[in-house]
Every structure is written in structure tokens, then in C-alpha cells.
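Q: Starting off with a structure, shown below.
The values are calculated or read from the model by the stated rules, or taken from the named source; none is laboratory data. If you're wondering where the values come from, they're calculated on a predicted model, not measured in any experiment. With ideal geometry, Cβ positions are generated from the backbone for all residues, glycine too; neighbour counts draw on all protein chains shown. Note: areas computed on protein heavy atoms with side chains; ligands, DNA, RNA excluded. Shrake-Rupley method; radii C 1.70, N 1.55, O 1.52, S 1.80 Å.
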Amino acid sequence: AFGYSVALVGPGPGGPLVGQALVGAFLSDLAAPSAGAVFIYDSSVATTSEPEGPGVLETRLSVFPNPIREYARIRLVLSRSGYVRVAIFNVLGREVARVFDGDLPRGVSELSLSTGGVPAGVYVVRAMGEFAATVARTITVVH
């Protein structure tokens, strides 16, 4: 299982700042450097970066439309090229679909997601690879 989903509410420059955080790690990642990391996401984009240092690596992941009926696009922005695996996980942390497994260039990449074999429900899209940490984004599949 992944861990906990926590709602975050606080003051923002233009009014209340609302977001959510996934706290914990997938069982398969317990030995990974990102184990125990906090993944912060809102209704559109998930972002992660190395905590500090001169060569900060940033990764952004967005899925649209969301909720998804049949097809969606996954936009992944990488600060460097390298191996990436994008997969969909159910609430128990089990992989239910592999979207992409290979090398992607630095910059913006768009991937196609078909939910034909995925039952309706709430899932997590994870992008894992040679970048700073795993990024995760919740999606809702409706048929």
C-alpha cells in the first residue's frame, strides 16, 4: 500500500492555498532513495525536485482530462533525458497498467493513456526513472 493521503490548507498570496499530499512509499520502493518522500499534488500537476544542491532536477507530471472516460494524455516534463517508466497503480499499490517503459528526452513528452482495460475507480499514475524522485498523480477513471 502507499500510505496516507493528507489534505493541505494554508494561506496563499491570492487567498487560501489548497493541495493534497501522498505520504509514504510503495512497498516496492522501500529501498529506493525516495522512500518516505512526500508527494504534493493539486488538481492538475504533480512536481518533485531534489531537495537542494546546484544541479536541482525537476520533474512535472500532469494528466488530462481527469476524470478519464476512455483516453487521456500524460504530459511529463523532465529536466534531463533518461529511462522512465510510467504506470497506473490501484489503491492497494498494485500495478494495473504500464503506460510507458523506455527512454525519454529532456523537456516535454506526451504519452497516450487508454483506460479500456481499467475498471472505474481512483488510481495513482507514477513516473519513475533516473530523475530526482518518483512523481505521482491521482486520477479517476469513469466509464
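Q: Using a 1.4 Å probe on the protein heavy atoms, what percent of the accessible area of the stretch 76-143 belongs to carbon and sulfur?
A: Of all accessible area on the stretch 76-143, carbon and sulfur atoms account for 52 percent.
Q: With the crude spin-label approximation of a point 7 Å out along Cα→Cβ, what separation in nm comes out for SER112 versus ARG73?
A: Distance between the two pseudo-spin positions: 1.2 nm.
Q: Another question, then. Per-residue HN-Hα couplings for the stretch 65-76, Karplus 6.51 cos²θ - 1.76 cosθ + 1.60 at θ = phi - 60°, whole Hz, x for Gly and Pro?
A: Residue by residue, the stretch 65-76 yields x, 8, x, 10, 8, 10, 10, 8, 10, 10, 10, 10 Hz.
Q: Separate question: What percent does the relative contact order of the stretch 89-137 come to when contacts are Cα pairs within less than 8 Å and at least six residues apart?
A: 36
Q: Report, in debye and to the nearest 20, how large the dipole of the stretch 65-143 comes out about its Cα centre when Lys and Arg carry +1 and Asp and Glu carry -1 on their Cβ.
A: It works out to roughly 140 debye.
Q: Let me ask something else. Using only the C-alpha atoms of the stretch 71-130, find the volume of their convex hull and express it per residue in Å³.
A: On the way: hull volume 4.7 nm³, N = 60.
Dividing the Cα hull volume of the stretch 71-130 by its residue count gives 78 Å³.
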